[in-house]
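Data block below; observations after.
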C-alpha cells in the first residue's frame with residue numbers, strides 16, 4: 001500500500017502532531033502512520049521534538065523586570081490621538097481586563113469575561129456535539145490501532161506536555177493513568193478550531209478506550225452516561241474543561257474508570 | 001466483546017456551536033461594539049508586560065533589547081488603542097505589535113549599525129541556586145530553542161509556549177499559515193535531531 005499512498009510531508013505530520021488538521025485529514029494521516037513503517041518512523045522522529053516547552057519557558061516570566069516595566073508604562077503620557085470613547089460597556093470591559101490578570105497565572109488568557117453571557121446561550125445539550133465527533137473517530141479504532149509497547153514515563157510526559165499547553169490543564173502521567181488499562185498515546189486533535197486532547201488506552205479485555213478533553217466554560221457537571229456508536233460514554237465537566245471517557249467496556253466499569261480519572265484530574 | 005448498550009438517551013441534534021468554550025482565536029471575535037479605550041489598553045498592557053518581555057527576549061536574546069521592545073510596544077499600543085477590536089484577544093494583538101517593531105525597527109537598526117548580536121548562549125537560561133533536575137531539563141530545552149534560526153524560534157515560541165493556533169501565529173508574524181507550518185516542521189526536524197538523554201526519555205528510541 002505504501003507504493004500508492006502519498007507520503008505525508010513534514011508539514012502535514014507536524015500539523016497532525018499539533019492537532020491542526022481537519023478531522024478527515026487527521027484520520028488519513030493517522031491511518032498512514034499505522035500502516036506505513038516509513039511514515040511511522042518520520043512521525044516518531046518529529047514527535048520527539050514535543051518537548052515540555054511551556055514548563056521550560058515559564059521561569060523566564062519571573063525574570064522580567066516587572067516593576068520597572070510597570071513604572072515605564074505608567075510614565076507614558078496619554079497620547080493625544082487616543083481620545084477614549086466612553087463606550088457603554090466600559091465598566092464591563094474593565095472587569096474583563098482585570099480578570100485577565102487572574103487568568104494569566106494559568107496561562108489561560110481568554111475572553112472569559114464573556115463567560116456569563118455565553119454560558120446562558122450555551123446551555124442545553126449543545127456540548128454534546130463534540131462527543132458525537134469523538135465517537136465517530138474512536139469507532140474506527142481496533143485493538144490493532146493501538147498495538148505496540150506502552151511508552152515510557154518520559155515519553156508519556158512529552159506527549160502530554162503538548163496537550164497541557166493547549167488546554168491549560170496539568171496532565172502528569174500519574175493523573176491520566178487508569179487502573180488495569182494501558183496508556184498508549186496522547187494526541188492533540190482539533191474540534192471546531194479548539195484543541196481536543198485524546199488520550200488513548202488499550203483495555204486487554206474490551207479494546208480501545210479514550211479519554212478526551214476540550215476547554216469548556218459551560219460549568220461543572222457531574223458524570224453522566226450515554227451510548228454512542230455502540231460504545232459507552234461517561235462525560236463530565238469542571239469549570240474550565242469538558243471530559244469524556246469512551247470505550248467498549250460495560251457501563252459500570254466505564255463509570256469506575258471515569259471516577260478514577262476524575263478524582264486525579266480534579267482541579 | 002460485550003457492549004452494554006445503554007438505555008440512556010442519545011443526544012442528537014448536531015448543530016454548529018462552540019462547546020469547547022470561548023478561549024478561541026481572534027478569528028471568532030465575540031461581538032462587542034465597544035471601541036477599546038486607551039485606559040483599557042493600558043490596563044491590559046499591565047497584565048501582559050511579563051509575557052511581552054519574554055517574547056522580546058526570545059526574539060532578541062538580549063534583556064536590554066527586550067526592555068526596549070516592551071516599552072515601544074506599550075507606546076504603539078496606546079497610540080493605536082482605537083484600532084484594537086474589542087472582543088478579540090489583546091495578547092495576540094500586542095504580540096503582533098511587538099513583532100513588527102522588532103522586525104521593522106529594532107532588528108534592522110541594529111544590523112545597520114553593525115552591532116550584530118552576541119550569541120547570547122546564557123540569556124535564555126534559568127539561573128539561581130540549587131538547580132534541580134527540572135531546571136536542568138528546562139535549560140536544555142531553552143538552549144535547543146535558542147539555537148534555532150530566529151524565524152523558527154518565534155514560531156515555536158508562539159505555538160508551543162504561548163499555545164497559539166497556527167492561524168494566530170500567522171496573524172502575529174504576518175505570514176501565511178503555510179509558512180508557519182514549514183517553520184514548525186523545520187524546527188521539529190532540527191530539535192528532534194538534537195534531543196538527547198533524559199529529555200527524550202526512552203520515547204526517543
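Quick check on my filter: what residues within the range B:65-85 are at the interface with chain A (Cβ under 7 Å from one of its Cβ atoms) and more than 19 Å from the chain's Cα centre (by Cα)?
B:75, B:78, B:79, B:81, B:82
Any idea which of (1) in contact with a helix residue (DSSP H, G or I) (Cβ under 8 Å, 6 or more places away or on another chain); (2) at pLDDT 50 or above; (3) crowded, with 17+ Cβ neighbours inside 10 Å is the one residue A:82 doesn't satisfy?
(2)
Can you name the number of the only condition in (1) within 20 Å of the chain's Cα centre (by Cα); (2) in contact (Cβ under 8 Å) with a residue 24 or more places away in the chain; (3) more than 7 Å from chain B (Cβ to nearest Cβ) that residue A:192 fails?
Checking residue A:192 against (1) within 20 Å of the chain's Cα centre (by Cα); (2) in contact (Cβ under 8 Å) with a residue 24 or more places away in the chain; (3) more than 7 Å from chain B (Cβ to nearest Cβ), the one that fails is (3).
Given the conditions (1) in contact (Cβ under 8 Å) with a residue 24 or more places away in the chain; (2) within 11 Å of chain B (Cβ to nearest Cβ); (3) assigned to a strand (DSSP E or B), and given that residue A:205 satisfies all but one, which numbered condition is not satisfied?
(3) is the only condition that residue A:205 fails.
For every residue, the table says whether it meets (1) on the phi < 0 side of the Ramachandran plot; (2) modelled with pLDDT of 95 or more; (3) not assigned by TED's automatic domain parsing to the domain that holds residue B:84.
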site	(1), (2), (3)
B:96	yes, yes, no
B:105	yes, no, no
B:146	yes, no, yes
B:166	yes, yes, yes
B:169	yes, yes, yes
B:180	yes, yes, yes
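Among (1) surrounded by fewer than 16 Cβ atoms within 10 Å (Cβ to Cβ); (2) in contact with a strand residue (DSSP E or B) (Cβ under 6 Å, 6 or more places away or on another chain), there is one condition residue A:19 misses while meeting the rest; what is its number?
(1)
Which of the residues spanning the range A:208-222 are in a strand (DSSP E or B) and crowded, with 17+ Cβ neighbours inside 10 Å?
Correct list: A:208, A:209, A:210, A:211, A:212, A:213, A:214, A:215.
State whether one or more residues within the range A:41-50 are surrounded by 17 or more Cβ atoms within 10 Å (Cβ to Cβ), modelled with pLDDT of 90 or more, within 30 Å of residue B:86 (Cα to Cα) and at the interface with chain B (Cβ under 8 Å from one of its Cβ atoms).
Of all residues in the range A:41-50, those surrounded by 17 or more Cβ atoms within 10 Å (Cβ to Cβ) come to A:42-43, A:45-50.
Of the ones still in play, those that are also modelled with pLDDT of 90 or more are A:42-43, A:45-50.
Imposing the further condition that a residue be within 30 Å of residue B:86 (Cα to Cα) reduces the set to none.
Looking through the range A:41-50, none of the residues is surrounded by 17 or more Cβ atoms within 10 Å (Cβ to Cβ), modelled with pLDDT of 90 or more, within 30 Å of residue B:86 (Cα to Cα) and at the interface with chain B (Cβ under 8 Å from one of its Cβ atoms).
Using the structure shown, decide if residue A:70 is outside the structural domain of residue A:158 (by TED's automatic domain parsing) and at pLDDT 50 or above.
yes
Across the range A:230-243, what is the total count of residues that are buried (at least 17 other Cβ atoms within 10 Å of the Cβ) and within 11 Å of another protein chain (Cβ to nearest Cβ)?
Total satisfying the criteria: 9.
Residue A:151 fails exactly one of the following numbered conditions: (1) in a helix (DSSP H, G or I); (2) more than 16 Å from the chain's Cα centre (by Cα). What is the number of that condition?
If we test residue A:151 against (1) in a helix (DSSP H, G or I); (2) more than 16 Å from the chain's Cα centre (by Cα), just (1) comes out false.
Scan (1) modelled with pLDDT under 90; (2) at the interface with chain B (Cβ under 7 Å from one of its Cβ atoms) for the single condition residue A:2 breaks and write down its number.
So residue A:2 meets the others, but not (2).
Do you know which residues across the range B:52-64 are more than 7 Å from chain A (Cβ to nearest Cβ), surrounded by 20 or more Cβ atoms within 10 Å (Cβ to Cβ) and part of a helix (DSSP H, G or I)?
B:52, B:55, B:56, B:58, B:59, B:60
Being under 12 Å from residue A:209 (Cα atoms), in contact (Cβ under 8 Å) with a residue 24 or more places away in the chain and in contact with a strand residue (DSSP E or B) (Cβ under 6 Å, 6 or more places away or on another chain) narrows it down to one residue among A:134, A:150; which is it?
Criteria check complete, one pass: A:134.
Can you name the condition, by its number, that residue A:21 falls short on among (1) part of a helix (DSSP H, G or I); (2) touching a helix residue (DSSP H, G or I) at 6+ places or on another chain (Cβ under 6 Å)?
(1)
The values are calculated or read from the model by the stated rules, or taken from the named source; none is laboratory data. In this text, all values refer to a predicted model and were calculated from it rather than measured experimentally. So basically every Cβ, Gly included, is an ideal-geometry build from the backbone, and we count neighbours across all protein chains shown.
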